[in-house]
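Please treat every number below as a calculation from the coordinates, not as lab data. In this text the structure is predicted, and so the values were computed from the model without any measurement. So basically every Cβ, Gly included, is an ideal-geometry build from the backbone, and we count neighbours across all protein chains shown.
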Amino acid sequence: MDSGTAGSGGPLGREERLKFSTKGEYGVRAVFEIAKRYGKGPIPIREIAERQGIDSVPYLEQLLNKLVRGGIVESTRGPGGGYVLARHPDEVTVGEVIRVLEGPIAPMACLLPDDSSADCSRSAACATRLLWKRVGDRIEETLNETTFGDLWAEEEKLVRGKVRAKVTAG
C-alpha cells in the first residue's frame with residue numbers, strides 16, 4: 001500500500017489518499033476474472049487483460065506468475081492453456097491476493113512486520129500508531145473476509161439491477 005505523496009490537492013486530494021498499487025488492483029481484477037471461469041478450464045492471459053481493461057500483458061504476466069508461486073492460481077502452457085483458480089472462489093480471499101502481490105497490509109511504515117518502528121523515537125508512546133494499527137486491522141479484516149465468490153455474487157446483483165432498471169425504464 002502506498003500512502004501517496006504530498007500535493008496541492010488538499011487533505012482529500014487524489015495524490016494524498018491511502019491506496020494500493022496497480023499490483024494489487026490488477027491482481028485482484030485478474031483473479032476475479034479467473035474466478036468467474038471457475039470449473040470451465042483455463043482462461044488465456046490476453047482474454048483476462050481484455051476483459052479487465054489491463055493494457056500491459058507482460059505486467060499482468062509478472063503478477064500472475066507471483067500468484068502462481070503464491071498458490072492462488074495455476075497455469076497451463078500451450079494451446080488451450082491459461083490460468084485457473086487453485087481453489088474454489090469461496091476459498092480464496094482478496095487479502096491473500098493483496099499479501100502475495102503487495103506484501104503486508106500496513107497503512108504506516110511503523111506497522112510493518114520487519115519492525116521498522118525501531119527507527120522511530122515515538123513508537124513506545126505513540127497514540128497515533130495505535131490508530132493506524134486499528135485502521136490497518138479493519139482493512140485486513142475486510143480483505144480477509146471477502147472471497148472471490150462474494151465478489152462474483154455482488155457482480156451478479158449489480159448486473160441484475162442494471163437489467164431490471166433497463167426493463168423498467170424501457
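Annotation for LYS19 and GLU61: the two label points, set 7 Å from Cα along the Cα-Cβ direction, are 2.7 nm apart. Inter-label distance, VAL68 to ASP114: 2.7 nm, where each label sits 7 Å from its Cα along the C-beta direction. Straight-line cross-link partners of LYS66 among the lysines, defined as a Cα under 23 Å from its Cα and at least 8 positions apart when in the same chain: LYS19, LYS23, LYS36, LYS40.
From most to least packed by mean Cβ count within 10 Å, the peptides 25-38, 70-83 give 25-38, 70-83. Annotation for ALA153 and ALA124: the two label points, set 7 Å from Cα along the Cα-Cβ direction, are 4.8 nm apart.
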